[in-house]
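To keep things clear, I will list the structure first and then write my remarks on it.
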């Protein structure tokens, strides 16, 4: 099994990338290509990437992330939670206030509906009027409950972000330094790696100067963008 087996995905079609090895009289090649391209199951390009270049790129990024995390743990934890939360404490405060208002209105509507039912039973309003008003209040309450659930879900991400950042830091502390990538180390640190198609820098389709983007999604925290 290759070092990156099961971790690489094509950026365009989402297929798993497959390792390919072949040797000629002139050279030996070890690379990964898009699974859809390899099997011809979808219209996609190769997204070819050499294993040695991929290993070097991932190793460099992993060393940068772990080094920064080890040296600036508090700052790194804050960075991770802010990235997960979109960096907006004020936005979370506004959502909390909005949630409180929605919950208050839901309670008010329940009380209104109860009084409305009592008025209907007592004959103070007609059945037709009761049906009309109760339908309006129930529709409003349903909409508010859905809104409150969505807000609660968004707010819970704050706690999740902190917990996930701590989980990632436990892995960082476990591997304060490493000589090379191993399957075990890689799978503890990385959830997946997304490979984009390479682009020629000289404008030629098969030009030798090429640039290729890879996106590393780390375990528990996703993509990590370090400050310059």
- Residues satisfying the stated conditions in the stretch 111-126, i.e. in a helix (DSSP H, G or I) and surrounded by 12 or more Cβ atoms within 10 Å (Cβ to Cβ): 112, 113, 116, 117, 119, 120
- Only residues that are surrounded by fewer than 16 Cβ atoms within 10 Å (Cβ to Cβ) and modelled with pLDDT of 80 or more: list them for the stretch 149-159, please. 149, 150, 152, 153
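Quick one: would you say residue 186 is in contact with a helix residue (DSSP H, G or I) (Cβ under 9 Å, 6 or more places away or on another chain), part of a loop (DSSP other than H, G, I, E, B), at pLDDT 90 or above and over 30 Å from residue 97 (Cβ atoms)?
The answer is no for residue 186.
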- Inspect all residues belonging to the stretch 128-141 and state whether any of them is at pLDDT 85 or above, closer than 30 Å to residue 51 by Cα and in contact with a helix residue (DSSP H, G or I) (Cβ under 7 Å, 6 or more places away or on another chain). no
- What number of residues within the stretch 161-177 satisfy the criterion of being loosely packed, with under 14 Cβ neighbours inside 10 Å and more than 16 Å from residue 79 (Cβ to Cβ)? 5
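Residues are listed down the side, and each one gets a yes or a no for (1) touching a residue at least 40 places away in the same chain (Cβ under 8 Å); (2) more than 30 Å from residue 44 (Cβ to Cβ); (3) not assigned by TED's automatic domain parsing to the domain that holds residue 54:
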| position | (1), (2), (3) |
| --- | --- |
| 100 | no, yes, yes |
| 117 | no, yes, yes |
| 142 | no, yes, yes |
| 148 | yes, yes, yes |
| 172 | yes, yes, no |
| 184 | no, yes, no |
| 189 | yes, no, no |
- When the stretch 57-68 is checked residue by residue, the ones that are out of contact with any strand residue (DSSP E or B) (no Cβ under 9 Å at 6 or more places or on another chain), crowded, with 17+ Cβ neighbours inside 10 Å and over 10 Å from residue 226 (Cα atoms) are 66
- Select from the stretch 17-56 the residues that are part of a helix (DSSP H, G or I) and in contact with a strand residue (DSSP E or B) (Cβ under 6 Å, 6 or more places away or on another chain) and write down the one among them that is surrounded by the most Cβ atoms within 10 Å (Cβ to Cβ). 35
- When residue 180 is evaluated against the numbered criteria (1) assigned to a loop (DSSP other than H, G, I, E, B); (2) more than 30 Å from residue 73 (Cβ to Cβ), which criterion, by number, is the only one it fails? (2)
- Got a sec? Which of 166, 179, 215, 197 is closer than 30 Å to residue 50 by Cα, touching a residue at least 12 places away in the same chain (Cβ under 8 Å) and out of contact with any strand residue (DSSP E or B) (no Cβ under 8 Å at 6 or more places or on another chain)? 197
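The values are calculated or read from the model by the stated rules, or taken from the named source; none is laboratory data. Every value quoted in this text rests on a predicted model; they were computed, and no experiment measured them. Positions of Cβ are backbone-derived with ideal geometry, glycine not excepted, and every protein chain shown enters the neighbour counts.
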